[in-house]
Amino acid sequence: MKNVLLSGAALLSMTSVLAAQDLPQATSPWFTAAQATIAERLAVQPNTNRAKNVILFTADGNGVGTNYAIRLFSGQLAGGLGDDYVQPFETFPNVALVKTYSSNGQTPDSAPTAAAMNTGIKTKNGMINVLDTVNVGDCAAGATAGVKTFAEIVSDMGKSVGVISTARITHATPAAVYARSVNRDWEDNTGLPEGCTQKDIADQLIDQMKAGVIDIALGGGRQHFLPVGVTDVEGKEGKRTDSRNLVDEATAAGGSVVFGADDFAALTMGNNAPVLGLFEASHMQYEHDRAGEPSLAEMTEATIKALSGNENGFYLSIEAGRVDHANHAGNLHRVLVDGKAFADAIAKAMELTNAEDTLIIVTADHEHAISFNGYCGRGSKITGLCMLENEQGVEHTGEPALAADGKPYTVAGYLNGAGSVLVEQADKTFAGSRPDLTEEQAIDPDYLQQALIPMSSETHSGEDVAVFARGPFAHLFGGVIEQNVIFHVMNHAVSAQ
Amino acid sequence: MIRRTFLAALPACLLARSAQSAETAALKLRDLYNKDLSFSDVALASQGNRISIAGFMAPPLKANSVFFVLTKMPMAVCPFCEPGMPWPDDILAVYAKRVVDVIPFNVPITVTGVLELGDAVDPELGFYSKVRLVDATYSRA
């Protein structure tokens, strides 16, 4: 019966191809490219191998809208119009939309979203890997409500674990790989309430390295590992008030600790000793400003090569943490440069792994209040002005589209944030009008896109994000899913019989 | 003036005007730094001179003070990015002639003052700076 059905499907497919060839549009490049896409989709087969390795890529704050902007930026950087560009992970065969709300937030923050992906449950905004029956900040209740992480599960299987972020390594997304905290801000001991039995997040990372759960951790955040009175290699002082130097403790436990691009490049990884890379006092630099620090792609490459030495496989969580921060600043240029660096890291991971045994998942934790104007002609720079469509050709006319106020406007903007056109007046009321804007001003790397609602920091939004996947059991992604389903796909993939 | 002399003089004239407007145009904050945050040639050449720099007034640390920090972009304060928000590396300390009349953090301003380079700590606020504009005036751009 199965053979008969398959033959029927093949026949139907051939009939549709034959019919398509007879159409007057059949020689259009649009048509033939779409036919090629159909052929590729027909050839996709589910991969039901057990996953040896799992790599979870998260660009913080990179929802469907932000990802669209990064696609155009990367395509225009490559010399094209932008919209037809294909980012490396956009070739993955399996995609779903992801609902990111948290237990108590229509708009999530990065703590419960990372917890969802690392533990399989949603929890409250501000909390990491603690059941949502607990109140945020409740140390006593949190002490008995922690949940087990994917890193701990696969560590029990003998796999290695790495965690990389361009944010502080103690920031919410990377912290969810190794820590449990009723408050995401307790990155060092200074925020812990008196008598709180929970350890701070930096302390928990060192514990997990000593326990053999975390093998490699790379990111920023030196200040949370050093005590007050001790300065780092860049002269910045530590924040801990418990006199503990966690860098020394990591070294004493046999770990290698590096602080910059040079000592990182010189480091021999993969000798079974844990590695802690702390490349900034706080977050690592934006890619646009990066100097003296490894790129996300470089950290990804070195880590995959090191973890690949474990024949049982590995779990690696990689975050482009500063896509989010630049969105918060309302500065689209830095969002996009960091987004391109994220895509470069994914390309490197694709190159270094085999889809037969490695599940690669690319997603975001949440979206931002970014939005897009129309009707822009093709090739309008994604950070620049919306240019008029060209009815005589393909690329825009070079003439900016004008709003009802007679002024040009950018392709992208924000619903709220520091770029607000409403500015505080002397009497504390807010008023204003849109400034006149040139293309040169709009594409300046330091420009803030215009926003509506005045806020000191642009906000997240509850809008869906996408998830792209290739490798074992990637076909379990489809439709519109809850964010915590991502954990369950990873867990199924590593334990499938 | 014969026509040839007039034509020859015209470009020189335009050049002079262009140089003049370059002198008066405000520098961007990033013009003072190289990528590794060392001082740029422009900064080194301008040390001790009265120059204008464009940027944004960060919310002042203290009321009724002559001191404020100039940032290259509005100083957005993200609750999730940074509890105890540190300053960006590429900022400029401004010591104004008069007590500062606060301008909202996201309104572009131009500051004119004497450029000082080198490490300094404000004796009152304890604020560390690498570069300053002193005896400064400022206005909305």
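Every number in this text was worked out from the coordinates using simple rules, so none of it is lab data. The model shown is predicted, which means the values in this text are computed figures rather than measured ones. FYI the Cβ positions are ideal-geometry reconstructions off the backbone, even for glycines, and counts take in every protein chain you see.
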Report task. Using DSSP, restrict attention to beta bridges with both residues in chain A and report what percent are antiparallel, rounded to the nearest 5. Result -> 35
Query raised in the report: In sequence order, what are the phi-derived ³J(HN,Hα) couplings for segment A:136-148 according to the Karplus relation 6.51 cos²θ - 1.76 cosθ + 1.60 with θ = phi - 60°, rounded to whole Hz, with x for glycine and proline?
Result: 4, x, 8, 4, 5, 5, x, 4, 10, 10, x, 10, 7
Report task. With r as the distance between the Cβ atoms of A:I443 and A:A253 and R0 = 35 Å, compute the FRET efficiency 1/(1 + (r/R0)^6) and round to 0.05. Result -> 0.15
Query raised in the report: To the nearest whole number, what is the average tally of beta carbon atoms from other chains within 10 Å of the beta carbons of peptide A:235-241?
Result: 1
Query raised in the report: Cα-Cα pairs above 39 Å in chain A: how many percent?
Result: 28
Query raised in the report: How much net charge surrounds B:L92 when only other residues with a Cβ under 15 Å from its Cβ are counted (Lys, Arg +1; Asp, Glu -1)?
Result: -2
Query raised in the report: Does anything in segment A:37-59 have its amide N under 16 Å from the 7 Å Cα→Cβ label point of A:L77, and if so which residues?
Result: A:59
Query - Cα centroid of segment A:76-127 to Cα centroid of segment A:299-367, whole Å - result: 12
Report summary line: Amide H proximity to A:V258 below 5 Å, modelled H, separation 5+ or other chain, gives A:L276, A:G277, A:L278
Query raised in the report: Between A:T107 and A:D207, what FRET efficiency follows from the Cβ-Cβ distance if R0 is 35 Å, with the result rounded to 0.05?
Result: 0.65
Requested in this report: Quick one: order B:T137, A:T113, A:T358 by neighbouring beta-carbon count within 10 Å, fewest to most.
Outcome: B:T137, A:T358, A:T113
Query - Set A:K305/A:K340; A:K122/A:K381; A:K239/A:K305; A:K52/A:K348 screened for pairs whose C-alpha atoms are more than 27 Å apart - result: A:K122/A:K381; A:K239/A:K305
Query raised in the report: What does the charge count near B:P108 come to, summing +1 for each Lys or Arg and -1 for each Asp or Glu among other residues with Cβ under 13 Å from its Cβ?
Result: 0
Query - Scaled radius of gyration (Cα, divided by 2.2 N^0.38 Å) that segment A:370-458 gives - result: 1.16
**Report entry** Under the span-like rule (Cα at least 27 Å along the axis, Kyte-Doolittle mean at least 0.5), DSSP H helices of chain A
**Finding:** A:2-21, A:332-352
Requested in this report: Provide the packing ranking of A:213-225, A:426-438, i.e. peptides ordered by the mean count of other C-beta atoms within 10 Å per residue, highest first.
Outcome: A:213-225, A:426-438
Query raised in the report: Peptide A:283-292: average number of partner chain Cβ atoms within 10 Å per residue?
Result: 2
Report summary line: For A:R240, the residues 5 or more places away or on another chain with a placed amide H closer than 5 Å to its own amide H are A:L226, A:V228
Query raised in the report: Of the peptides A:449-461, A:372-384, how do they stack up when ordered by the mean number of other Cβ atoms within 10 Å, highest first?
Result: A:449-461, A:372-384
Requested in this report: Treat each spin label as a single point 7 Å out from the Cα along the C-beta direction, and report the A:K428 to A:E482 distance in nm.
Outcome: 4.4
Report summary line: Spelling it out for A:Y315: with amide H atoms placed in the peptide plane at 1.01 Å from N, the residues 5 or more places away or on another chain with amide H under 5 Å from its amide H are A:V54, A:S160, A:V161, A:G162
Report summary line: Between A:T27 and A:V95, the FRET efficiency computed from the C-beta separation at R0 = 41 Å comes out, to the nearest 0.05, as 0.90
**Report entry** Difference of contour (0.36 nm per residue) and Cα-Cα distance, A:A347 to A:T197
**Finding:** 49.8 nm
Report task. Quick one: check the C-alpha center-to-center distance for segment A:140-179 versus segment A:435-460, whole angstrom. Result -> 36
Query raised in the report: At B:L117 and A:K148, where each label point lies 7 Å from the Cα along Cα→Cβ, what is the point-to-point distance in nanometres?
Result: 6.0
Query - Ranked list, fewest to most other Cβ atoms within 10 Å of each Cβ, for A:Y101, A:Y315 - result: A:Y101, A:Y315
Query raised in the report: For A:N49 and A:H492 in the same chain, what is the full-extension length gain: residue separation times 0.36 nm, less their Cα-Cα distance, in nm?
Result: 158.4 nm
